[in-house]
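Please treat every number below as a calculation from the coordinates, not as lab data. A quick note: this is a predicted structure, and the numbers were derived from the prediction, not measured. Note: ideal-geometry Cβ built from the backbone for every residue, glycine included; neighbour counts use all protein chains shown.
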Amino acid sequence: MRKNINYRMIAIALVAILATMAFCIGIFNKLFQKQVMDDLRTTANILTSRETIVHFVEKDYDPKINNLRITVIDADGSVEYDSNADIGNMSNHSDRPEVQEAFEKGRGQAIRKSDTRDMNTFYYAERLESGKVLRVAREAISLYSLLMLILPSLVGVFFCLALISILIARYTTKHLMAPIEEMARDLDHIDTIEPYEELKPLLDKIHSQHQDIIKSAEIRQQFTANVSHELKTPLTAISGYSELIATGIVGKSDTRRFAGEIHKNANRLLTLINDSIRLSEMDVASDAPQMEEVDLAEIIRNCVAMLQIQAEKYEVVLIAADMPGPVIVRANANMMEELIYNLCDNAIRYNHANGYVQAGVTEEKKKIVLTVEDNGIGISREHQERIFERFYRVDKSHSKSTGGTGLGLAIVKHIVEQHGAKIEVESEQGKGTKISVIFPKEKENR
Ligand code: ADP
């Protein structure tokens, strides 16, 4: 990763250096050509304005000294004077682009390759009042030879810049990667790393996720340990009672009693295993439960009907509140049944003889509130926070004797969270408990 970033940075820097150099050479060449042309124009202007051509023509002008060739071309294209060549050997010049342009527009210019490869000839032509054309020309270095000339310096500069880029790329990559590598080495101490500003949110996120993972791993480990522990008691009882029966020394009436105990403990085992499986399923399920429109009033009435025998057993009056119409929420029907069943079952089991339990649901403007209320034993304040924890029971023996596993409310809490709802407990020891589940109404229904 570090190498990769490093190489990419260096590659980008080298490309940038090369592109900049090529661009500068191009610009420099253009400026150079413009400068030569400007000089030629100035020279031509001086020659024409002071009418000094005659002077040049008459005197023996030595072009080698000034590197300036002067040509005078007649209106028909024939060469009248040339400072460098014998006009007798010279062809008609009317086909030369700069001469043509000068005849048409008053002035013209052109650059042509010289006979020698490393030079260019620059031509500037201007039409005179007489109708003739004055052309001045000079040789100047070509781009190719310019490049050859400055190549050693260019290569030197390139290597210097490349070296600087490599050093900067190395330093930057190191600076960028150091906190990430440190984090990868030791995820447990991310909080001790001092990252640069831009990396902070990422590190914070990873840190909090890592903490969550550790926490949930701990919870699961604790859960497994608790499940094993809880399984041990009924299994030990089953094993003990069955061993006694197996010895054959137990009387007939005791055999029945022991068989009853085995049956009771086997049921306990089954409920415990079912609840544990249910919770584990919810823990691992990554998909949201399948939601549909469900009538909570209807589910409450069904649960109340289902639990009547249980209520009678505890001598508790279980009723559904008066709910005139359907109360629709988007939820998973099975989970809603499980939730209401668990809350009503608790309200019956943690109650007194002649107590009552009422379950109902009301629809408000922004929310739907499901309540299960009882006048049972109640929960003191210090326990209210913890009753949703797995295997937490206020009175363990009461829970066990009534077939509780300590997992019912943990399942309820899970369901509530998966539905984006909230659960509230109002309770007073000795007076009773009211548990409310609040479903926010979906926006379009408001
Ligand atoms: P359990 O299987 O023990 O009932 P739960 O998770 O359903 O486990 O409940 C956790 C604990 O919360 C119970 O052991 C009980 O002490 C307390 N509790 C739950 N509901 C009520 C209630 N309606 N009235 C009084 N205590 C309750």
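Which value at 222 nm does the chain reach when only helices count, each DSSP H run of 4 or more adding -39,500 (n - 2.57), with the total divided by all residues and rounded to the nearest 500 deg cm²/dmol? Mind dumping the intermediate values first?
On the way: 13 runs with 246 residues, N = 446.
About -19000 deg cm²/dmol.
Students often forget the sequence filter, so: which lysines lie under 25 Å Cα-Cα from LYS252 once same-chain residues fewer than 8 apart are removed?
LYS264
Would you mind getting me the FRET efficiency between ILE150 and LYS366? Use the beta-carbon distance for r and R0 = 60 Å, nearest 0.05. Don't skip to the answer; put the middle values down first.
Working: r = 78 Å, r/R0 = 1.29.
It comes out at approximately 0.20.
Contour minus end-to-end for GLU382 and ASN92, with contour as 0.36 nm per residue of separation and end-to-end as the Cα-Cα distance? Don't skip to the end; give the middle numbers.
Working: separation 290, 0.36 × 290 = 104.40 nm, distance 11.53 nm.
Extending this stretch completely gives an extra 92.9 nm.
Pairing the Cα long axis of helix 408-418 with the longest principal axis of the chain, what angle in degrees results, from 0 to 90 and rounded to the nearest 10?
Once rounded, one gets 30 degrees.
Report, to the nearest 10°, how far helix 2-49 tilts away from the longest principal axis of the Cα atoms in the chain, using its own Cα long axis and a range of 0 to 90°.
Roughly 30 degrees between the two axes.
Out of all DSSP beta bridges with both ends in the chain, state the antiparallel percent to the nearest 5.
Numbers: 50 of 54 bridges.
Roughly 95 percent of the DSSP beta bridges within the chain come out antiparallel.
Residue by residue through the range 102-115, which ³J(HN,Hα) values in whole Hz follow from phi under the Karplus form 6.51 cos²θ - 1.76 cosθ + 1.60 (θ = phi - 60°), with glycine and proline marked x?
5, 4, 7, 10, x, 8, x, 8, 7, 10, 10, 5, 7, 4
Take the Cβ-Cβ distance between THR48 and MET1 as r, set R0 to 56 Å, and report the resulting FRET efficiency rounded to the nearest 0.05.
In this case the efficiency is close to 0.20.
Please give every one of the lysines within straight-line cross-link reach of LYS132, meaning a C-alpha to C-alpha distance under 21 Å, and leave out same-chain neighbours fewer than 8 residues apart.
Qualifying lysines at Cα under 21 Å: LYS59, LYS105.
Under the rule of at least 5 residues apart or a separate chain, name every residue whose amide H is placed under 5 Å from the amide H of GLY77.
none
Pairs LYS400/LYS434; LYS215/LYS365; LYS174/LYS205: which exceed 28 Å Cα-Cα? Intermediate values should be presented prior to the final figure.
Numbers: LYS400/LYS434 22 Å; LYS215/LYS365 38 Å; LYS174/LYS205 22 Å.
Among LYS400/LYS434; LYS215/LYS365; LYS174/LYS205, the Cα-Cα distance tops 28 Å for LYS215/LYS365.
Within the range 132-167, name every residue whose backbone N is under 17 Å away from a label modeled 7 Å from Cα of THR20 along the Cβ vector.
Only 153-167 fall inside the zone, counting backbone N under 17 Å.
When the expected Rg is taken as 2.2 N^0.38 Å, what fraction or multiple of it is the alpha-carbon Rg of the chain?
Compared with the compact-globule rule of thumb, the chain sits at 2.22.
Taking Cα atoms, how many degrees apart are the long axis of helix 333-349 and the longest axis of the chain, rounded to 10 and kept between 0 and 90?
Orientation of helix 333-349: about 40 degrees from the principal axis.
So if I take the centroid of the Cα atoms in the range 389-425 and the same for the range 77-137, what is the distance between those two points in Å?
Distance between centres, Cα-based: 104 Å.
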